[in-house]
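*Asks:* I'd like to ask some things about the structure below.
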Amino acid sequence: MGEKKRILHILNSNSYSGAENVVIAIIENMKDKYDCAYFSPTGPISKILAEKDIPYIAAEKLSVNTIRKAIADFQPDLIHAHDFRAGMLSCLSGTHIPIINHLHNNSPWLRSFSIWTIAYALCCMKFDRILSVSASVMDEFIFGKYFRNKTKVVGNPVDLRKIQLLADESKLKDKSDIIFLGRLTPQKNPYFFLRIMNLIVKRIPAVQIAVVGDGELRSQFESQIKEYHLEHNIKMYGFQSNPYGLLQNSKVLCMPSLWEGFGLAAVEALCLGIPVVCSGAGGLSDFIDDRCGMTCGQDLNRYVDEIVKLLSNESYRSRKSHESQVRAGQIANINTYMQNISNEYEYCLRRGKK
């Protein structure tokens with residue numbers, strides 16, 4: 001058997017969230033077939049990678065020069081660049097190594113004609129393949145129709161047994177009524193989440209709310225909690241490498257994101273029998289419906305009414321909890337997902353030999 005091919009995963013983020021979780025899952029599940037390394041700006045992700053014994057190449061920041069150095073050091077056969085910036089910088093590095101650009105979200109700027117969408121379209125011409133977590137990503141890209149022949153929707157890996165195992169292993173199992181699980185960034189719409197919570201507290205004064213995540217809006221978010229006088233209702237947990245004990249011991253996940261690629265946190269909630277009340281942005285509308293939660297767009301009152309009903313009506317919540325697990329079973333795809341990624345690798349590696 002020949003020497004294993006080398007895959008360099010390139011990311012622009014230095015923290016741990018949905019996309020990073022997916023990359024780690026790919027590396028762990030494919031270690032017998034490929035030699036993989038994880039390259040990103042240095043930061044908190046290094047601790048997670050060290051715990052999992054994943055080879056890590058760090059740089060002060062992601063740039064054309066640092067990518068060139070990482071390529072020279074690792075000598076990959078294939079580059080797997082995650083999201084737009086990593087993909088574009090990999091393209092601009094001038095490498096002749098095959099590049100897969102893997103899109104984990106559908107940022108709003110994709111929808112408009114601009115220098116950035118033109119620049120990304122030019123890079124798409126060089127990518128060997130474009131993978132996306134939902135059809136909405138390239139559907140919303142203004143030039144997406146021109147690259148359908150090299151685009152494949154792969155979703156996200158969903159491993160029911162692993163999520164349940166992590167929930168069982170978690171040392172943090174505080175109970176809450178409502179949980180927010182995600183980065184405190186504009187994408188996740190945390191200020192709108194607080195508006196929802198403010199109205200729910202007026203109807204259920206003792207409601208307990210868990211906020212799991214960190215990000216650029218944290219200080220402003222905490223200030224707004226005080227403005228709404230929600231200090232006794234909301235507990236901030238910050239970043240948690242294993243949030244599944246907290247998630248399992250919540251009654252409903254609230255996810256009012258302005259945009260999403262796939263919405264992995266929502267799927268993880270379903271796996272644990274937690275109904276999801278969300279915006280329906282991006283891929284969320286593909287698997288969240290009235291049986292396992294509700295999509296509410298940006299309708300404030302609809303969020304409030306549904307969450308209050310879930311918290312006040314035990315049989316209603318129990319029914320949706322059961323349907324959540326049924327839906328998760330339909331989405332579970334870990335083996336198929338890894339086979340799809342492997343197929344894409346082999347396709348690009350064959351092209352690289354030509």
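The values are calculated or read from the model by the stated rules, or taken from the named source; none is laboratory data. On a predicted model such as this, the values are computed, not experimentally measured, just so you know. In this analysis, Cβ positions are derived from the backbone assuming ideal geometry, glycine residues included, and neighbour counts consider all displayed protein chains. These area figures cover heavy atoms from the full protein model, side chains too; ligands, DNA and RNA do not enter into them. Shrake-Rupley method; radii C 1.70, N 1.55, O 1.52, S 1.80 Å.
*Asks:* Accessible area per residue for region 1-138 in Å², computed with a 1.4 Å probe and the full protein assembly in place, what is it?
*Replies:* Here the residues of region 1-138 average 43 Å² of exposed surface.
*Asks:* Give the accessible surface of region 157-273 per residue, rounded to a whole number of Å², with probe radius 1.4 Å and ligands, DNA and RNA excluded.
*Replies:* With the other protein chains kept in place, region 157-273 gives 42 Å² per residue.
*Asks:* Starting from the Cα-Cα distance between GLU216 and ILE118, subtract it from 0.36 nm times their residue separation and give me the gain in nm to one decimal. Walk me through the numbers on the way to the answer.
*Replies:* On the way: separation 98, 0.36 × 98 = 35.28 nm, distance 2.82 nm.
That works out to 32.5 nm of additional length.
*Asks:* If you don't mind, another one. Can you tell me the relative contact order of the chain? Whole percent, Cα pairs under 8 Å, sequence separation 6 or more.
*Replies:* Relative contact order, the chain: 15 percent.
*Asks:* Test of the criteria: in region 1-96, which trypsin sites (Lys or Arg not before Pro) are in a DSSP loop and have at most 12 other Cβ atoms within 10 angstrom of their Cβ? Walk me through the intermediate numbers first.
*Replies:* Details: sites: LYS4, LYS5, ARG6, LYS31, LYS33, LYS47, LYS52, LYS61, ARG68, LYS69, ARG85; in loops: LYS4, LYS31, LYS33, LYS52, LYS61.
Here the sparse-neighbourhood loop sites are LYS52, LYS61.
*Asks:* Can you spot the lysines whose alpha carbon is less than 24 Å from LYS162's alpha carbon? Ignore those fewer than 8 places along the same chain.
*Replies:* LYS31, LYS33, LYS47, LYS52, LYS171, LYS173, LYS175, LYS251, LYS320
*Asks:* Then there's this: Within the accessible area of region 138-258, what % is carbon and sulfur when the probe is 1.4 Å and the other protein chains stay in place?
*Replies:* Details: 2930 of 5900 Å².
The nonpolar share, carbon plus sulfur, comes to 50 percent.
*Asks:* Sticking with this one: Lys and Arg at +1, Asp and Glu at -1: add these up for the other residues within a Cβ distance under 14 Å of GLU222 and post the number.
*Replies:* On the way: positive: ARG218, LYS226, LYS235; negative: ASP214, GLU216, GLU227, GLU231.
Cβ neighbours under 14 Å give a net charge of -1.
*Asks:* When the chain is treated as a GNM, springs tying every alpha-carbon pair under 10 Å, which of LEU247, LEU311, LEU264 comes out with the largest mean-square fluctuation?
*Replies:* Highest fluctuation among the options: LEU311.
*Asks:* Which cysteines does the chain leave without a neighbouring Cys Cβ under 4.7 Å?
*Replies:* CYS36, CYS124, CYS254, CYS271, CYS278, CYS292, CYS296, CYS348
*Asks:* Between VAL308 and THR336, what's the calculated FRET efficiency when r is the beta-carbon distance and R0 is 35 Å? Round to 0.05.
*Replies:* 0.40
*Asks:* How big is the dipole moment of the chain about its Cα centre under a simple scheme where the beta carbon of each Lys and Arg is +1, that of each Asp and Glu is -1, and everything else is neutral? Debye, nearest 20, please. Intermediate results must be reported in sequence, preceding the final value.
*Replies:* Numbers: 43 positive and 36 negative charges, 118 e Å.
Dipole magnitude for the chain comes out near 560 debye.
*Asks:* So, counting K/R as plus one and D/E as minus one, what does the shell of residues with Cβ under 13 Å around ASN149 add up to? Intermediate results must be reported in sequence, preceding the final value.
*Replies:* Numbers: positive: ARG129, LYS145, ARG148, LYS150, LYS152; negative: ASP128.
Neighbourhood net charge equals +4.
*Asks:* Would you mind working out the magnitude of the charge dipole of region 156-297 relative to its Cα centre, with +1 at each Lys and Arg C-beta and -1 at each Asp and Glu C-beta, to the nearest 20 Debye?
*Replies:* Working: 15 positive and 15 negative charges, 66 e Å.
Using only the charged Cβ atoms, the result is roughly 320 debye.
*Asks:* Can I ask one more? With Cβ to Cβ distances under 13 Å as the rule, what net charge do the other residues near MET30 carry (K, R +1; D, E -1)? Could you put the intermediate results ahead of the total?
*Replies:* Numbers: positive: LYS4, LYS5, ARG6, LYS31, LYS33; negative: GLU28, ASP32, ASP35, GLU344, GLU346.
The answer is 0.
*Asks:* How large, in percent, is the carbon and sulfur part of the accessible surface of region 275-324 at a probe radius of 1.4 Å?
*Replies:* Details: 840 of 2070 Å².
Taking all protein chains in place, region 275-324 shows 41 percent carbon and sulfur surface.
*Asks:* What number, in percent, do you get for the relative contact order of region 154-238 if the mean sequence gap of Cα pairs under 8 Å and at least 6 apart is divided by its residue count?
*Replies:* Values: 78 pairs, mean separation 27.6, N = 85.
Taking the mean separation of contacting Cα pairs over the length of region 154-238, I get 32 percent.
*Asks:* Based on the alpha-carbon gyration tensor of region 12-79 and its eigenvalue square roots a ≥ b ≥ c, which shape applies: rounded if a/c is under 1.5, prolate if not and a/b is larger than b/c, or oblate?
*Replies:* Cα axes put region 12-79 in the oblate bin.
*Asks:* Return one whole number: the accessible area per residue of region 278-324 in Å², for a 1.4 Å probe. Spell out each step's value before the answer.
*Replies:* Details: 2070 Å² over 47 residues.
Per residue, region 278-324 has 44 Å² of solvent-accessible surface.
*Asks:* Right, here's the next one. Can you give me the % of accessible surface on region 1-131 that is carbon or sulfur? Probe 1.4 Å, all protein chains present, nothing else counted. Intermediate values should be presented prior to the final figure.
*Replies:* Numbers: 3160 of 5840 Å².
Within region 1-131, the accessible surface is 54 percent carbon and sulfur.
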